[in-house]
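The values are calculated or read from the model by the stated rules, or taken from the named source; none is laboratory data. These numbers were taken from a predicted model, which means no experiment stands behind them. A quick note on method: Cβ atoms are made from the backbone with ideal geometry, for glycine too, and the neighbour counts reach across all protein chains shown.
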Amino acid sequence: MGTIIERKRADVTTAYRVQIIIKSKGRIVHRSSETFERRSTAESWMKRREKELNSPGGLEAAKRKVGTVGDVIKDYIREKEGGMSRTKTQVLRSIDLGHPHIRFAAKTHRGLCPRPSPWRA
């Protein structure tokens, strides 16, 4: 499923491009690629990405272009399936369901970024 291609750059360094192609009934249904400086990093990314895509619902999650924060939370809850405490599950569900005091679940996740914590130096 995945292939690592060694490429020589103009500055004579080596880059490793990982290509993952998934076909169904002779047609390409998913294609992804990433470039890395080290082969070991490329191999570990390829293994992790293939495992994600082969997991139940993994291909559908990869096809989703832009999702909301609520979609990300639903995917996380589904992925952990009983591996979280009841409190964490309840808090995530209250965010996802649009608790009156928490209104960002409907925003797209691409526009969000972490802020530095005022409590950490």
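Residues of the stretch 19-69 that are among the acidic types (Asp, Glu) and over 16 Å from ILE4 (Cβ atoms): GLU52, GLU60.
Being of a type in the set (Lys, Arg) and modelled with pLDDT of 90 or more is not true of ARG78. Hey, does the stretch 54-68 have a residue that's part of a helix (DSSP H, G or I), more than 24 Å from GLN19 (Cβ to Cβ) and of a type in the set (Val, Ile, Thr)? No, that holds for no residue.
In the condition set (1) assigned to a helix (DSSP H, G or I); (2) surrounded by fewer than 11 Cβ atoms within 10 Å (Cβ to Cβ), ARG7 is compliant with all but (1).
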